[in-house]
Amino acid sequence: MDCVICSNKIYTDPNGWDGGHNASPVADGRCCADCNDSLVMTARYVAHGFTENRAKAMAANNRYNGVIGA
């Protein structure tokens, strides 16, 4: 399966899930972990009222701490 955002292959997560991530609100379909962590989560935080800079920092922090992504 390919990412609907960047067209790269979606790889299987360490837990065995191979279905990627929900790409909404950036696109319809499934996305890779990189696009989820850098674009999709940022867009979701912005949709909830955070500034873009704060949203990017939160998404980066969540990835660093293993909250989202692989």
| request: Within the range 1-57, track down each residue that is more than 11 Å from the chain's Cα centre (by Cα) and among the polar types (S, T, N, Q). | output: 7, 8, 12, 15, 51, 53
| Is there any pair with a first residue in the range 31-45 that is without any contact (Cβ under 8 Å) to a residue 24 or more places away in the chain and surrounded by fewer than 23 Cβ atoms within 10 Å (Cβ to Cβ) and a second that is assigned to a loop (DSSP other than H, G, I, E, B) and not aliphatic (A, V, I, L, M) whose Cβ atoms are under 7 Å apart and which are 6 or more apart or on different chains, and what are they? | 43/25; 44/25
| query | For the subset of the range 13-30 comprising residues that are modelled with pLDDT of 95 or more and polar (S, T, N, Q), which member is most open to solvent (accessible area, probe 1.4 Å)? | reply | 22
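The values are calculated or read from the model by the stated rules, or taken from the named source; none is laboratory data. No experiment lies behind these values; they were computed from the predicted model shown. As a convention, Cβ positions derive from the backbone with ideal geometry for all residues, glycine included, and neighbour counts pool all protein chains shown. Calculation scope for accessible area: heavy atoms of the full protein, side chains included, ligands and nucleic acids excluded. Shrake-Rupley method; radii C 1.70, N 1.55, O 1.52, S 1.80 Å.
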